[in-house]
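Readers should treat all values here as calculations from the given coordinates under stated rules, not as data from a laboratory. Remember, it's a predicted structure, so these values are computed and weren't measured experimentally. Using ideal geometry, Cβ is built from the backbone for each residue, glycine included, and neighbour counts are taken over all protein chains shown.
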Amino acid sequence: MTGPESEGSQVRRAVCPGSFDPITNGHLDIIARASRLYDEVYVAVMINQSKKGLFTIEERIDLIRQATAEYGNVRVESFHGLLVDFCKQRDIPAIVKGLRAVSDFDYELQMAQMNNGLSGVETLFIPTNPTYSFLSSSLVKEVATWGGDVSHLVPRMVLEALSERLRQD
């Protein structure tokens, strides 16, 4: 056998964590780039009981699976608690995070140092494609709520789910 599964070779795994409420083209850009760098990429959807999302965890997972279906090495799971525990349980040594601006770096650096101190998990920062440097799930939801066009910011299936959900509210 050859390739990443062969004897003496270890499968390279990474995780892309987030709430993904909803997933945006900016998230997908980071996931796609991580999928080219690693053998397996886990998209870890954070469960935050204190925060009511627009989409349920199950809906988010479904949308992410649809949006990442073209990548054969991406797995989507939810997690509750510490990300380093998620990593430990799956033998994931690296967290991949996108940075939109310098303002993201302060917070993300503290998280990276904490995660490394807790478990030795490394964090790799990927600069966001400039096209998406302003993009966040919160902004997408806000613009869509007021009837703005977000079709260029999210995958088609997310746009449809977002439109449907906002009609219901």
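Taking amide H as placed 1.01 Å from N in the peptide plane, the amide H of residue 15 sits under 5 Å from that of 42, 94, 95, 96, each at least 5 places away or on another chain. Measuring r between the beta carbons of residue 106 and residue 37 and using R0 = 25 Å, the FRET efficiency lands at 0.50. Excluding the site residues themselves, the longest part of the chain lacking any GluC sites (Glu not before Pro) in a DSSP loop with at most 14 other Cβ atoms within 10 Å is 71-169. Between residue 52 and residue 149, the C-beta separation translates, for a Förster distance of 30 Å, into a calculated FRET efficiency of about 0.75. Qualifying trypsin sites (Lys or Arg not before Pro) in the stretch 30-117, where qualification requires a DSSP coil assignment and no more than 10 other C-beta atoms within 10 Å, comprise 51, 52.
Exposure proxy for 152, 27, 80: other Cβ atoms within 10 Å of each Cβ, ordered fewest to most, give 152, 80, 27. Going Cα to Cα from residue 52, which aspartates and glutamates come in below 20 Å? Please leave out same-chain ones fewer than 8 positions away. Output for residue 52: 21, 62, 77, 142, 164, 169.
A straight Cα-to-Cα reach below 19 Å connects residue 51 with the lysines 141, residues fewer than 8 places away in its own chain not being considered.
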